[in-house]
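Please read the structure below before turning to the comments.
Every number in this text was worked out from the coordinates using simple rules, so none of it is lab data. A quick note: this is a predicted structure, and the numbers were derived from the prediction, not measured. Quick reminder, even Gly has a Cβ in these numbers, built from the backbone with ideal geometry, and neighbours come from all protein chains shown.
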Amino acid sequence: MKLISVAHIDSPDVVDIGLTQMLSSIVDNDDAILDVHLIGGFNDVPHEHKNCVSHDNEKWEGYSFPLCSKIVDTMGKSTNIFNIKTLHVLDHNTTRDSKGNACPIFNGFLVETATGSIFPATFDGTTRCPDELIRRIRVTSSFEDLSWKGRLLETYDTLSDRFIIAPCTW
């Protein structure tokens, strides 16, 4: 049986706890080889600073580089065995619009849970509202739940292959 775990990680500050949390739901032995698909972070350094050199690297790195670097570093220090199958981040996930602004190539993906295959996904701008609403409900419903403090929100149950949106009240 192939187990799937997907995470949306927006900050280097949650990489360690996020990977630990994810791995605890899918790894039952240290010899397992885990297929990894890193998708999403793009080269978001402001165009005018792209070729600059600075001793204050944070100023020129944008948001995605420190995040991607932390993920790869954390996997490298882990005792688990990772097989990076897809690395579609930073320059590999960046295009520029007519004004030179960086934009991600990949805006989403679909995971076929039965096989573990991934496919690019596109979203019609008129159909995103329900998804946005569901995301906001999920985040809002867990905001005051102390059991989620410092953890990634779980919406997919790996063992049952189901998406679960926790109940909430308004």
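Where the only charges are on Cβ atoms (+1 Lys, Arg; -1 Asp, Glu), what is the dipole of region 12-122 about its Cα centre, to the nearest 20 debye?
About 360 debye.
Close amide H contacts of Phe82 (hydrogens built in the peptide plane, cut-off under 5 Å, sequence separation of 5 or more or a different chain): Leu34. Amide H to amide H, with H built 1.01 Å from N, Leu90 comes under 5 Å of Gly41, Phe42, Asn43, counting only residues 5 or more places away or on other chains. The phi-based Karplus calculation (6.51 cos²θ - 1.76 cosθ + 1.60; θ = phi - 60°) puts the 3J(HN,Hα) values of region 35-42 at 6, 10, 10, 9, 9, x, x, 10 Hz, whole numbers, x for Gly and Pro.
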